[in-house]
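Report on the following structure.
Each value in this text was obtained by applying a stated rule to the coordinates, not by laboratory testing. The model shown is predicted, which means the values in this text are computed figures rather than measured ones. Every residue, glycine among them, receives a Cβ derived from its backbone with ideal geometry; neighbour counts consider all protein chains shown.
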Amino acid sequence: MGKSTKKRIFSGIQPSGNLHIGNYLGAIKQWADIYADYDSVFCVVDYHAITVPQDPKNLQKKVIEIAKIYLASGIDPEKAIVFQQSHVRAHVELCWLLNAVSARISDLQKMTQFKDKSSDGNINISAGLFDYPVLMAADILLYNTDVVPVGDDQLQHVELARDLAKRFNHDYTNVFKLPEAKILKQGARIMGLDNPEKKMSKSVKSELNRIELLDDPKVAMKKIMKATTDLGSEIKFDIAAKPGISNLLVIYSLLAGMEIKDLEKKYTGKLYGEFKKDLAEIVAEFLTDFQKKYNQISDKAVLDILADGACRAVPIAEATLARVKKAIGIS
Ligand code: AQP
C-alpha cells in the first residue's frame, strides 16, 4: 500500500473530571465530523491529567471513559489511531528534549491557562502544570501533524507548539512540520451555564456549570432550566448584551442542526421559559442517544483498541524522535 496523502490531524483530551458538552461541541464533535478526511490520531492524555492531583484508583477508569466517549461520538478506531499517551514513551522523551533545547521559561510564563490555573496563589502547583504546553507540543509534533482541532482555550498552546517547531528547525535542521490549530466558528467556547462570562469547564466546582455527557438526561434538563439568563426577555444572539441566551442559542443550534437566525425567528415574541424547555428536551434527547451508544461499548473492547492504537502510534512517534535526537547529536 502507498503512503497516505491525507493531511494528519492530532488531538487529545485529559482524563480529568467529567467531559461536558463544551468538550463535545468544541472538540470531539469537530473531530467526528472531519476525521475520515484526514489521517487521524486521537489520544487520551493521561500524563497531562496528572499535572493536577488525580485519584490513582480512578485514573485508568477515566482513561477508558474518555476513550469510550470518543468512540460513542463516532470515531471508528479502524479509521483513526486511538491511544493512551502514557503507552507511547516518546511523548515524555520529546518533551524533555524540547524543554532542554527549544522551550524558554519566558514562553511558558505567557500561557494564559497556566496563569488562570495558578492564580489562587497555591504554592503547591506542580512544575508539570507549568510545563504542560511543552508536553502538548511534543504530542503534536511527534506525529508530523498538520492540523490540531481544539476549542479556543487551546489555541495559544498550539501556537506555542508551532513556535517551538520553528525554533528547533532553525537551530538544528528541518525536522518538524508546522501544525495549525483548527477552531470552529461556532462552539469553540461554550460558556458556563451558571456563569456565561467564563467557559464551561470540568474543573469548576458547581455541577450547574455544565451538562456532562454522562449526566442523567433528567438532571441535565433541570440544569438547562436553571441556566443563568439575561435582563430583558428577547431571544436574540448578542454576546455582549445577552451572554446567557447567546450561549444557549449556540448549544441549541449545534445540537439541533439549526441556524441561530432561524431560532431567533422561531422564538420571536416567546419567553425564556419556553425556549429553555425546548432546549432541555433537545439536550435530553441528545444525551439519551449518546449514552445508548456509550453503554454498548465494553471496557475490554476499549482496552483492545487502546493497545492496538499504541502499536500503530509507536513507529510514527519513534521515527520522529530518532530524527530529533540525530539533529541534536544524540545517538
Ligand atoms: N467550554 C468549552 N467550549 C469549547 N471547547 C472546549 N474545550 C474545553 N472546554 C471547552 C475543548 O475540549 C478539549 C478538552 O481539552 P482538555 O481536557 O485538555 O482540557 P481543557 O481545555 O482545560 O478543558 P476543560 O474542560 O476546561 O478542563 P479543565 O477544567 O480540566 O481545564 C480541548 O480541545 C478544549 O479546547
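Gain on full extension, evaluated as 0.36 nm per residue between W96 and L303 minus their Cα-Cα distance, stands at 71.7 nm. Between C95, C43, C311, the residue with the greatest mean-square fluctuation in the GNM of the chain (Cα pairs under 10 Å linked by springs) is C311.
Within region 164-191, list the residues whose amide N lies under 11 Å from a label point set 7 Å along Cα→Cβ of K7. What the label zone holds, given the 11 Å backbone N cut-off, is 179-183.
Classify region 46-200: rounded, prolate or oblate, from the alpha-carbon gyration tensor (a ≥ b ≥ c, eigenvalue square roots; a/c under 1.5 rounded; otherwise prolate if a/b is larger than b/c)? Cα axes put region 46-200 in the rounded bin.
Suppose only helical runs count, i.e. DSSP H with n ≥ 4. What mean residue ellipticity at 222 nm does that imply for the chain under -39500 (n - 2.57) per run, divided by all residues and rounded to the nearest 500 deg cm²/dmol? That comes out to -16000 deg cm²/dmol. When the Cα convex hull of region 182-289 is projected onto planes of every orientation, the mean area is 6.8 nm². For A241 and N195, a Förster radius of 22 Å and the Cβ-Cβ distance give a FRET efficiency of 0.85, rounded to the nearest 0.05. In the frame of its principal axes, region 1-93 has Cα extents of 43, 33, 18 Å, reported largest first. When the Cα positions of G187, F237, Y172 are compared along the charge dipole of region 162-271, Y172 comes out farthest toward the positive end, with charges on each C-beta of Lys, Arg, Asp and Glu. FRET efficiency for the D76 to I123 pair, using the beta carbon distance and R₀ = 35 Å, is estimated at 0.15. Here the spin labels are modelled as points 7 Å beyond Cα on the Cα-Cβ line, and at S203 and E259 they lie 3.9 nm apart. Spacing of the modelled spin labels on K292 and D33, each 7 Å from Cα toward Cβ, amounts to 2.3 nm. Computed on the Cα trace of the chain, the radius of gyration divided by the Kirkwood hydrodynamic radius gives Rg/Rh = 0.99. Annotation: extensible slack from D152 through E318 equals 56.8 nm (criterion: 0.36 nm per residue apart, minus Cα-Cα distance).
For region 128-221, the set of trypsin sites (Lys or Arg not before Pro) satisfying both a DSSP loop assignment and a count of at most 11 other C-beta atoms within 10 Å is given as K185, K205. In this structure the amide hydrogen of K182, modeled in the peptide plane, comes within under 5 Å of the amide hydrogens of V148, V150, none closer than 5 places in sequence on its chain.
When peptides 47-55, 150-158, 122-130, 21-29 are ranked by their average number of other Cβ atoms within 10 Å per residue, the highest-first order is 21-29, 150-158, 47-55, 122-130. For a Förster distance of 22 Å, can you work out the FRET efficiency between the beta-carbons of K270 and K185, rounded to the nearest 0.05? So the FRET efficiency works out to roughly 0.25. Overall form of region 50-96: oblate. Here a/c, set by the Cα gyration tensor axes a ≥ b ≥ c, is 1.5 or more, and a/b is not larger than b/c. Taken along the Cα-to-beta-carbon direction at a fixed 7 Å, the label points for E281 and K222 span 2.1 nm. Taken about its Cα centre, region 178-331 carries a charge dipole of roughly 420 debye when the Cβ of each Lys and Arg holds +1 and the Cβ of each Asp and Glu holds -1. Counting only Cβ charges, +1 for Lys and Arg and -1 for Asp and Glu, the dipole size of the chain around its Cα centre is about 300 debye.
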